[in-house]
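Just so you know, all these numbers are worked out from the coordinates, no wet-lab data involved. The structure presented is a predicted model; accordingly, all values stated were derived computationally and were not measured. Neighbour counts run over all protein chains shown; Cβ positions are idealised from the backbone, glycine included.
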Amino acid sequence: MGGQQTGSGVELLTAAVDALINTETVALSGTELTCLLAEVEVQRRRLEAVDQLIVAEIDRQGVAAEHGRGSTAQLLTSLLRVAPVEAKHRVERARDLGPRRGLTGEPLGPLLPATADAVHEGEISPGHVAVITEALDAVPPTMSAEVCGYAETFLVEAARHEHPGLLRRSAALLLARLDPDGIEPRETEAVAGRGFGLRKHRDGTATPTGRFDAEQTAMWEAVFDSLAKPQSSPDGEADTRSPAQRRHDAATEVLSRVLRSGTLPEAGGVPVTVLIRTTAEELAVGTGIATSSHGTPFSIGKLLEISGDASLLSVLCADTGGVLAYGRERRLATRGQRLALAARDGGCCFPGCDRPAAWTEVHHIIPWLTGGLTDLDNMCLLCRYHHRHFETLGWQVEMIDNLPWWRPPATIDPHRRPIRHTAHHLDDIHFDLAVA
């Protein structure tokens, strides 16, 4: 009888899925589509409870051995063609949330009843379950069963409103509250395990490796909140960079500011400087390869791009390797020039940008490496994003009456009429003293 009921249930499920697959979604409104998606997600999550029911019984009966497998997870891997790690997690969820039997065969409730109920109702996902079980495993063993029950209830309730990433943060806070005396040893352990390195690749890029302690993690989060926000172009187009790319660019901006600050201790008897080596011929034609003192390769185009407001020294070499000439160090414009630019431009001078002067770099309109002078009428302030991307966006900057003006791409203005960015400047207010 049980087999017939099971077969009937699968048939009904198959028919329901077939009906959903054949849904004419084109005829549905946005509201109807989102409601349908939410309802289907609830049933998708409820199927987790079915999976736990079946897997728990397979595990209890030792079915894996009948198939020549050493564990239930191995059976799932071969039978369902799922990854071993997924099979392992499904077995773990079944043992925590599935039905159990006592030594004499009597039925027992799941180990985590509140979590199992939430799965049965389709309120939480496997991702939520993973966070909850991981957090409960970390509850100190000295805590009472009552406290563990409270912790589970708290996490399940939070999971009803938070995605797994936010739930992980709530779980960490809960654990800190439950064991405030244990946070210091954990912090000490985390500090001892701190580390950072760069695994360099042949193309000059590198993969960061290591682990930040909690203090540095909080610092980076504050930096990313400020510097990794999306930036729109003047025509309203959204920032196309991914969140990871924005965080990368924010980290680069932090390093650029540190190099410009002049506060780093000397290395080898000279101030910290990015040393770039290239040949006069390659610089003249604008193509070829430049290399840093660590052997990192740059295209000449990238060299021209990064040489505006950095601690950089170019060394021009003959084909034989001898030094023909070395450029003047481009730490940045003088302090007076920087202040004058801040007063003139107010911040990033690219149309529509609101980055303040403290967040900008000095851009040479005629590149410094190709003879552009470090004079106020050849410089303007740009935030890092627009400094790196304005040319690829099709914009051009030029000086008109000693002020930077921008010519937009023809896609924005076919006539490419120059625009003066004035967002950082309030309109002048003139008073007629005689009337006043």
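Pull out a ≥ b ≥ c, the square roots of the eigenvalues of the alpha-carbon gyration tensor of the range 335-407, then state rounded if a/c is under 1.5, prolate if not and a/b is larger than b/c, and oblate in the remaining case. Intermediate values should be presented prior to the final figure.
On the way: a/c = 1.40, a/b = 1.04, b/c = 1.34.
The shape class here is rounded.
With 10 angstrom as the radius, rank 100, 344 by how many other C-beta atoms surround their C-beta, starting from the fewest.
Values: 100 14, 344 18.
Final ranking by Cβ density, sparse to dense: 100, 344.
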**Item:** Length-normalised contact order for the range 78-179 - Cα pairs under 8 Å, 6+ apart - percent
**Value:** 22
**Gyration tensor (alpha-carbon) shape descriptor, the range 122-181, a/c threshold 1.5** = prolate
**trypsin sites (Lys or Arg not before Pro) within the range 1-95: DSSP coil, no more than 14 neighbouring Cβ in 10 Å** = 81
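Treat the count of other C-beta atoms within 10 Å as a stand-in for reagent exposure and order 385, 150 from fewest to most.
Working: 385 23, 150 14.
By the 10 Å Cβ count, ascending, the order reads 150, 385.
Return 54, 400, 124 ranked ascending by Cβ neighbour count within 10 Å, so the fewest neighbours appear first. Before the final figure, lay out each step's value.
Details: 54 14, 400 9, 124 24.
By the 10 Å Cβ count, ascending, the order reads 400, 54, 124.
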